[in-house]
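Below you'll find the structure, written out as C-alpha cells, and then a few comments.
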Amino acid sequence: MKIANLSKLALAFSLTLTLAACDGDDGAMGTPGTQGPAGAAGTDGSNGTDGAGGLNSLIKQTALAVGNEHCRNSGLQLDSGLDTNVNGELDATEVTQTEYVCSPNNTNVNTSELASNIINPWYADADLEITAAKTTWLQATGSSAAKDAQAQKVAGIKGRAKNVILFVGDGMGISTVTAARILEGQLQGNMGEENQLSFDRFPFAGLAKTYNVDAQTPDSAGTMTAMMSGVKTDVGVIGVNENIVRGDCSTVDGNELITAIELAEIAGKSTGIISTARITHATPAATYAKSADRNWEDVSDMPAAAVTAGCKDIADQLVNFESNLEARFNGLDVDGLEVVMGGGRRHFLPKDAAFNSTDAVSAVEGDRTDSRDLTSEWQAAYPNGTYVMDQTGFDAINTETTERVFGLFNESHMQYEADRGNDVAGEPSLTDMTAKAIQVLDNNQEGFFLMVESGRIDHAHHAGSAAGALSDTVELSKAVARAVQLTNAEDTLIIVTADHGHVFTIAGYPKRGNPILGKVVNVGADEPALAADGMPYTTLGYTNGLGFRDLGEETDADATYNSAIDAGRKDLTSVDTTSAGFHQETLVPLSSESHSGEDVGVYAQGPGAFLVNGTNEQSMIFHVMDYAADLVNLAQAKVE
C-alpha cells in the first residue's frame, strides 16, 4: 500500500480572513529653527499631522474543484486586496493579487489508514488552518519585500524539526494553569501571581477547541485522537473516526486513523510514550491503538462478541505495535516503540496470583482472562530490551546502551506526585521519566517523537482535590523544563497542551499573594471574607463533584471515594484548607467531578511553533507537528 499525499484534501468551503487596519504614517517633523545671533536655540518646528487610518487588507481563500483551469487536480485560490469600499468583504473589483496552490497531479487515493485521515473534513479543515496561520504570520511581518523573504523562511521551516515532544496535561484547563503558576511561586516564597511555569515562557501560544464530534464537553479518547491524527472523533473511541459505533467491533475496520507516532515510526524515528496514568488509558492509548471503546484495556474488559470477532484489547495492541503497523503496509519494516513507561500493569498480567509483582496491592494483580503474560511476550519479542517495574530497575537503566525500555510502575495508575513517596516499591517522577526517555531516544540520528502525559491532574480534579491537581501540574512544568534543557530549540518542537479542562474555578476577590489554596482574604483585610451565609469561602472550588473533605495530611486524592457525597456549603472557619487532604466544596452533587467544555491552552517552542496562534480546532495540533517534522512526506517516502 501507499500513503496518499497530504495535499489531496477535500476542500469544500471558502474562508475570508480580515486583518487589522494599519494606521497611516506619521507626518514629517518640522524643520528646526536657526540659531539666533545672540546664540539662543531656534524654536523647533511643529509636528506634522498624523496620516489618516489605512484600509483593511483582506485575503479570500476559495477551494478549486478537480478540473479547474488553474489547478487541474484541485487546489486553493488566494485573492488579496484592500477593502476600498469598507464593506468588510473582498469584492472582485478590489482584488489586486491572485495566487494558486495546486494539488499534485496524482489522483490515486488508496485505502490505507492515511487516506482515512486526509479525506475526512476535520483533517481538511485543520490543515487549512495551517495555511491561514502562515498567512497571518506573513501579513504581520511588514513590507511586501519583507513578506517575500519571510515566506521563504516559513517554507524552509517545514521539516526542520528532527524531534517532536508533545506534553499533555490531562484536564489541565486554563484555571488549572493559572492556579498552579501561583502555587509554584508561593512554594518558592514569592507572592505567586508573578511566577511563570516553564511553558509560560514559550514564545508562542494559542487556544484549542476541545469538543468531540458528538459531545459539547469532551472526553480524553476523542480529544487525544484529534491531536494525534488530525481528525476529530466521537467520545469514548480510540484512533478511529466518527463513523465508528462505540462498542461495536465490526465498525472499526475501514475507520482506523494513522497517528503522528505511527508516522514517526515509519519515517525511521525513535518513538516513545510516557504517562502517569495506566499506559492503556485513553490518552496514551490514542497514540498507538484502534478501539471501538476506550474501556477495552484488556481482554477481560471486552464483550465476548468483540473478542470472537477478532478485535484486540488495548494492552495487546501496545505489545504488538510493531507487527500491527507492518501488517497495514506492504513491505514495511519498523522496529517498534523504544520507550513505554507508565502504570497499568494489571492489564498485561494473567488473573493468577502466581504472576503478582513485588509491589502488588491486590491479592491477584492481573486482570487478563486469557492466561497471557504480555510482559513476558514483550521480553521475548525484544530480548535486548529492558523491562522494569520499580525505582531500582529504573535507576539501573543505562541510557547510552539501552535499546528500548518497557516500564510498568504500578498495578493501576501511578501515584499522585504528592503521594509518590508512599509507593510500595518506589516509582520515578514524571520529570525523571521524561529525562530518561529523551536520553534513550536521542541515540537515533533520525530523531524521535515522544508523547508525555501527566494523567493524574485529571484524576485529582475528578476527586475534587485542587492540591493534588496543582501538585501534578507543577511537576509537569518541571518535566517540560527538563526536556528544554536536554534538547535544542533549533531542531526540537515542544508543544504543551491539555486534552480538556474541568469545572474548576478561581473566585472571590483575594488580595495579592493570598494563599491560592486558602480562604479568600480581601484587599486591605487580615481575616477571611464572609459570604452572605456568614461563613468563609475558598478561592478555589468546583461546580460539581463529591464535595467537601477534611482529610488532614492525606496525599492520596482518591481517598475521597471512601466516603459519601457531601456537597453544599460547609463552615470552614476551623478547617485548614491549604492541607493536602482538603477537598473543595461543590455545588452539584455527583459521584465524580466532571470535565468542562472550555478551550485549553497550547504552548509551543521550536521549529513550526509560530503556527500556534489564535483559537483553533484541537485537531490542528497534529498538523503543526506534521509541518514541523514533515512526518507524512517522510513516512510516504519509506512506504513507496
Item to complete: Could you please state how large a percent of the accessible area of the range 371-479 is carbon and sulfur, counting protein chains only and using a 1.4 Å probe?
Response: 42 percent
Worksheet, complete the sentence: the range 596-640 accessible area per residue, 1.4 Å probe, protein heavy atoms, integer Å², reads 25 Å²
Worksheet item: Counting only protein chains, not ligands or nucleic acids, how are 278, 160 ordered by accessible area (probe 1.4 Å), most first?
Response: 160, 278
Worksheet item: Roughly how many nanometres apart are two label points built 7 Å out from the Cα toward the Cβ at residue 591 and residue 62?
Response: 5.6 nm
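Report in % the part of the accessible area of the range 206-335 that belongs to carbon and sulfur, leaving out ligands and nucleic acids; probe 1.4 Å. Intermediate values should be presented prior to the final figure.
Numbers: 1560 of 3610 Å².
So the carbon and sulfur contribution to the accessible surface is 43 percent.
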Response to the item:
Regression test value, accessible area per residue of the range 233-392, probe 1.4 Å, units Å², expected 34 Å²
Fill in: Potential extension, residue 158-residue 253 segment - 0.36 nm per residue separation minus Cα distance
30.9 nm
Practice prompt. Express in Å², to the nearest 10, the accessible area of residue 355 obtained by rolling a 1.4 Å probe over the protein heavy atoms while all chains stay in place.
Written response: 80 Å²
Worksheet item: Any idea of residue 248's accessible area? Nearest 10 Å², probe 1.4 Å.
Response: 50 Å²
Fill in: Simple label model, 7 Å out from Cα along Cβ direction - residue 398 to residue 443, nm
1.0 nm
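Would you list 519, 232, 60, 638 from the most to the least accessible area, probe 1.4 Å?
Values: 519 35, 232 5, 60 70, 638 125 Å².
In descending accessible area the options line up as 638, 60, 519, 232.
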Worksheet item: Full extension from residue 190 to residue 575: what is 0.36 nm times the residue separation minus their Cα-Cα distance, to one decimal in nm?
Response: 136.2 nm
Practice prompt. State the Cα centre-to-centre distance between the range 345-373 and the range 593-633 in whole Å.
Written response: 38 Å
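Evaluate the charge dipole of the range 368-522 about its Cα centre and quote only its size in Debye, nearest 20, assuming +1 on the Cβ of each Lys and Arg and -1 on the Cβ of each Asp and Glu.
On the way: 11 positive and 22 negative charges, 175 e Å.
In debye, rounded to 20, the range 368-522 gives about 840.
Over the range 148-307, what relative contact order in percent results from Cα pairs under 8 Å that are six or more residues apart? Walk me through the numbers before you get to the answer.
Numbers: 192 pairs, mean separation 26.4, N = 160.
Relative contact order for the range 148-307 comes out at 16 percent.
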Worksheet item: How much accessible surface area, in Å² rounded to 10, belongs to the heavy atoms of residue 153 with a 1.4 Å probe?
Response: 120 Å²
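In whole percent, and with a 1.4 Å probe on the protein chains, what portion of the accessible area of the range 499-640 is carbon and sulfur? List each step's numbers first, then the result.
Working: 2930 of 5620 Å².
Carbon and sulfur: 52 percent of the exposed surface of the range 499-640.
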Response to the item:
So the FRET efficiency between residue 490 and residue 119, C-beta based with R0 = 45 Å and rounded to 0.05, is 0.80
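Quick one: dipole size for the range 540-640, taken about the Cα centre, charges +1 on Lys/Arg Cβ and -1 on Asp/Glu Cβ, in debye to the nearest 20. Could the numbers behind the result be given before it?
Values: 4 positive and 16 negative charges, 38 e Å.
Roughly 180 debye, rounded to the nearest 20.
The values are calculated or read from the model by the stated rules, or taken from the named source; none is laboratory data. On a predicted model such as this, the values are computed, not experimentally measured, just so you know. Heads up, the Cβs are rebuilt from the backbone with ideal geometry, glycines too, and the neighbour counts pull from every protein chain shown. Calculation scope for accessible area: heavy atoms of the full protein, side chains included, ligands and nucleic acids excluded. Shrake-Rupley method; radii C 1.70, N 1.55, O 1.52, S 1.80 Å.
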